[in-house]
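The values are calculated or read from the model by the stated rules, or taken from the named source; none is laboratory data. Owing to the predicted nature of the structure, the values given are computational and were not obtained by experimental measurement. A quick note on method: Cβ atoms are made from the backbone with ideal geometry, for glycine too, and the neighbour counts reach across all protein chains shown.
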Amino acid sequence: MQSNVARLLTNYLDMNKKLPPAIFAALIFYLPITLSSCHPQQKLQAEITHKKHTETKENQAVNLIINLDEVNRKSAEVKKDSKGKQHLAIYAETLPTDTDPNYWVKVAEDNGDNYVAYYTFAVNIKTRTIEYYDVMQNSLITLSKWRKSTPIDEQ
């Protein structure tokens, strides 16, 4: 059925004729329904599976950072200082590549106009290790080293 409807529409449009409004409206309404009835579960399942696979690892990396005490303290500080108007945005800025296995997760304040970065972490999901990116040294340091070398009120 859908191939007949699609063929009819294609043939009609190929003749460069304008569709009467009633026919056009009916085709716009029924054609997507008719065409989507062809194996909808297979396509939808494939898209969902792929999406879950991609999001799951990224979400794991972000969740590891969300659960850090330093991030929770900074979040509370930002909310308090802004009287609840500002908040932190925590997101994977860069995904792993062939040469870098890390998710680079940014912790930034969303001030409405732009993001002001507080921290950048490199998260390796396979090993579940987190490293802090030291902007001044342009290098990664372990989370424990960062915690020991940086006073809590500066973290």
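Only one of these is touching a strand residue (DSSP E or B) at 6+ places or on another chain (Cβ under 7 Å), assigned by TED's automatic domain parsing to the domain that holds residue 130 and not in a strand (DSSP E or B): 116, 71, 107. Name it.
Unique residue meeting the criteria: 71.
In the range 105-130, which residues are crowded, with 19+ Cβ neighbours inside 10 Å and either more than 19 Å from the chain's Cα centre (by Cα) or of a type outside the set (A, V, I, L, M) (or both)?
106, 109, 119, 120, 121, 130
Any idea how many residues of the range 119-153 are touching a helix residue (DSSP H, G or I) at 6+ places or on another chain (Cβ under 6 Å) and not aliphatic (A, V, I, L, M)? Talk me through it step by step, then tell me what you get.
Here is the first cut: in the range 119-153, the ones touching a helix residue (DSSP H, G or I) at 6+ places or on another chain (Cβ under 6 Å) are 121, 123, 125, 130, 132.
Subsequent filtering for residues that are not aliphatic (A, V, I, L, M) retains 121, 132.
Selection size over the range 119-153: 2.
Conditions tested, residue by residue: (1) modelled with pLDDT under 50; (2) not small (Gly, Ala, Ser).
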residue: 26; (1), (2): no, no
residue: 33; (1), (2): yes, yes
residue: 54; (1), (2): yes, yes
residue: 81; (1), (2): no, yes
residue: 98; (1), (2): no, yes
residue: 105; (1), (2): no, yes
residue: 110; (1), (2): no, yes
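Of the numbered conditions (1) surrounded by 15 or more Cβ atoms within 10 Å (Cβ to Cβ); (2) at pLDDT 90 or above, residue 155 satisfies every one except a single condition; which is it?
(2)
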